[in-house]
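Notes follow once the structure below has been shown.
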Amino acid sequence: MNRLSGKNVFITGATKGIGKSTAIKFAEMGANVILVGRTKSLLEELKKEIEDKYKVEAYILELDVTKGKDVEEKIDSLPKDIKNNIDILVNNAGLAIGLDKVYESSMEDYDRVIDTNIKGVLYITKKIVPLMVERNKGYVVNLGSIAGDMAYYGGAVYCATKAAVKMLTDTLRIELVDTNIRVTNIKPGLVETEFSKVRFKGDEERAKNTYKGIEALTPDDIAEVIVSTCNLPENVQLTEIALMPNHQADGRTVYRG
Ligand SMILES: NC(=O)c1ccc[n+]([C@@H]2O[C@H](COP(=O)([O-])OP(=O)(O)OC[C@H]3O[C@@H](n4cnc5c(N)ncnc54)[C@H](OP(=O)(O)O)[C@@H]3O)[C@@H](O)[C@H]2O)c1
């Protein structure tokens with residue numbers, strides 16, 4: 001059953017990876033999408049692809065989620081009937097930087113990861129959730145990670161931010177318990193995207209090694225889980241979902257055949 005046709009879905013980090021696949025899968029189901037990211041050309045390309053192929057509306061917001069004032073202004077710039085009718089929010093934009101020991105990483109890297117993964121989620125949530133509360137309707141999906149459950153060498157700041165996402169998600173669910181709004185934390189393991197290239201500051205070789213000898217999940221796999229979760233009957237709320245490829249057991253245990 002398709003419960004998503006005609007819904008309006010707001011997705012951060014929609015220019016590539018999991019966010020892009022998620023936008024396409026929602027559009028396939030007949031949902032309109034609001035695509036958020038910092039790279040205008042990629043947003044425009046995706047808007048065109050989605051509108052041509054799926055005959056739904058796609059809106060673009062060129063936006064850095066770490067800039068609170070811009071978040072408010074850009075969301076306010078959406079057509080009123082879209083802004084006031086956001087059915088699903090996917091807080092997906094996020095990143096990790098480096099794999100250095102915590103006490104050897106730079107302050108700039110601490111700030112970038114914390115600002116994007118925690119403050120970005122807060123700013124977007126603060127702006128959109130009140131609109132959902134007003135309608136007593138909505139769904140919030142946050143992209144956490146299994147890194148939020150288990151620390152690994154060099155992962156201090158990233159793991160800490162994803163543990164924070166878990167706590168923000170759980171708190172939001174508690175605060176919305178008297179509403180019809182559902183809240184889910186999606187916690188992937190290894191997914192092959194540009195995530196590792198960003199983590200290693202463009203070092204393709206190092207990025208490729210992350211996935212060496214293991215078939216990682218694809219962004220489409222995660223998108224399918226997100227879309228299926230949002231398509232469940234209205235009284236079904238999956239609180240969190242951890243998903244990994246077959247040969248990954250947890251944040252530290254991977255079998256590379
Ligand atoms: N890949 C994995 O193995 C994995 C595992 C667990 C969880 N996750 C989580 O899944 C989410 C998506 O990651 P991904 O693997 O799809 O990575 P990705 O391919 O690098 O995509 C990240 C997306 O976030 C956007 N973004 C980054 N900083 C932003 C900012 N300040 N403002 C707006 N958009 C921003 C990027 O767009 P622009 O650069 O164009 O702005 C891009 O669209 C992240 O939260 C990540 O932590 C990933």
Qualifying residue in region 63-71 (condition: touching a strand residue (DSSP E or B) at 6+ places or on another chain (Cβ under 9 Å), among the polar types (S, T, N, Q) and in a loop (DSSP other than H, G, I, E, B)): no
Region 5-29 residues that are part of a helix (DSSP H, G or I), paired with ones that are open to solvent by 30 Å² or more (accessible area, probe 1.4 Å) and away from the ligand (no atom under 13 Å from the Cβ) (beta carbon under 7 Å, 6 or more apart): Lys25/Glu224; Ala27/Tyr54; Glu28/Tyr54
Breaking point among (1) among the hydrophobic types (A, V, I, L, M, F, W, C); (2) over 28 Å from Lys162 (Cβ atoms); (3) surrounded by 15 or more Cβ atoms within 10 Å (Cβ to Cβ), for Met1: (3)
Test: residue in region 237-256 that is within 12 Å of the ligand (Cβ to nearest atom), open to solvent by 30 Å² or more (accessible area, probe 1.4 Å) and not in a strand (DSSP E or B): yes
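Within region 82-129, how many residues turn out to be among the basic types (Lys, Arg) and either closer than 29 Å to Asn231 by Cβ or more than 10 Å from the ligand (Cβ to nearest atom) (or both)? Explain how you work it out, then say what you get.
Start the filter on region 82-129 by keeping residues that are among the basic types (Lys, Arg), which leaves 83, 101, 112, 119, 126-127.
Going one step further and asking which of them are either closer than 29 Å to Asn231 by Cβ or more than 10 Å from the ligand (Cβ to nearest atom) (or both), we end up with 83, 101, 126-127.
Adding up the residues that qualify gives 4.
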Among residues of region 169-201, those that are in contact (Cβ under 8 Å) with a residue 24 or more places away in the chain, open to solvent by 50 Å² or more (accessible area, probe 1.4 Å), outside any loop (DSSP other than H, G, I, E, B) and more than 7 Å from the ligand (Cβ to nearest atom), counted: 0
Enumeration of residues in region 33-48 that are under 16 Å from the mean Cα position of the chain (by Cα) and crowded, with 19+ Cβ neighbours inside 10 Å: Val33, Ile34, Leu35, Val36, Gly37, Leu43
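Can you tell me which residue among Ala147, Ala223 is among the small types (Gly, Ala, Ser), over 23 Å from Ser105 (Cβ atoms), within 12 Å of the ligand (Cβ to nearest atom) and open to solvent by less than 20 Å² (accessible area, probe 1.4 Å)? Quick ask: steps written out before the conclusion?
Values: Ala147 fails: over 23 Å from Ser105 (Cβ atoms).
Being among the small types (Gly, Ala, Ser), over 23 Å from Ser105 (Cβ atoms), within 12 Å of the ligand (Cβ to nearest atom) and open to solvent by less than 20 Å² (accessible area, probe 1.4 Å) holds for just one of Ala147, Ala223, which is Ala223.
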Scope region 49-76; condition within 16 Å of the ligand (Cβ to nearest atom) and open to solvent by 60 Å² or more (accessible area, probe 1.4 Å); matching residues: Glu49, Glu62, Lys67, Lys69, Glu72, Glu73, Lys74
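The values are calculated or read from the model by the stated rules, or taken from the named source; none is laboratory data. The shown structure was predicted, so the numbers you read here are calculated from the model rather than taken from an experiment. Here the Cβ is made from the backbone with ideal geometry for all residues, glycine too, and neighbour counts use every protein chain on show. Note: areas computed on protein heavy atoms with side chains; ligands, DNA, RNA excluded. Shrake-Rupley method; radii C 1.70, N 1.55, O 1.52, S 1.80 Å.
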